[in-house]
1. Return the distance in nm (one decimal) between the two label points of a simple spin-label model at Glu84 and Ala130, each offset 7 Å from Cα along Cα→Cβ.
2. Using 7 Å Cα-to-Cβ label points, what is the Lys104/Val39 separation (nm, one decimal)?
3. Need one number: nm distance between label points at Arg139 and Val9, each 7 Å from Cα along Cα→Cβ, rounded to one decimal.
4. Just report the Cα centroid separation between the range 64-138 and the range 5-21, whole Å.
5. Suppose the chain between Arg149 and Ala121 were pulled fully straight at 0.36 nm per residue; how much longer would it get relative to their current alpha carbon spacing?
Amino acid sequence: MKSPTLQTVIIAVVFAIIAYIVTFVVPTSPILIAALVFVSALLAPLVSGSSSTSQDSASSNNSDVADEDVRTLYVGNLPYRANETAVRELFSDHGSVLSVRLMKDKHTGKRRGFGFVEMAAADLDKAITALNDTEFQQRTLKVREAKDRPERADDNNQDD
């Protein structure tokens, strides 16, 4: 889900202030107030979207391209003391890093020694070649393209 732009948030706040003022000026029912807030929530993204400039559309085009060209790397044999920042810095030397997720045990909260790095697809092979079987904090990393994880039916039924 995309985060709202500053312009959208400002417009939503303006609508909320207008709704607040209207409730004191005009004696209204709670249903009318709820309808006003609902309509303003729908209008805020539309108003901010219709008034976007060419630089807004250019940045959205860049993010669309980035979304299509993002691939995930599996990074195994990570040191347990490694954090997201250290891993991001390591991979940033070899390309554009979008995110780093280091996996933790859900019961203990301790790192499990592997994680995933999302990178630009163009930089993927360079990072694998440069970092696979190299030493990082006294551990030999295993770096490869991540496989798609199949959906598990029992994930939806657990109450953890």
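Every number in this text was worked out from the coordinates using simple rules, so none of it is lab data. These numbers were taken from a predicted model, which means no experiment stands behind them. Positions of Cβ are generated from backbone atoms using ideal geometry, with glycine treated the same way; all protein chains shown enter the neighbour counts.
1. 2.2 nm
2. 4.6 nm
3. Modelled inter-label distance: 3.5 nm.
4. 39 Å
5. 8.2 nm
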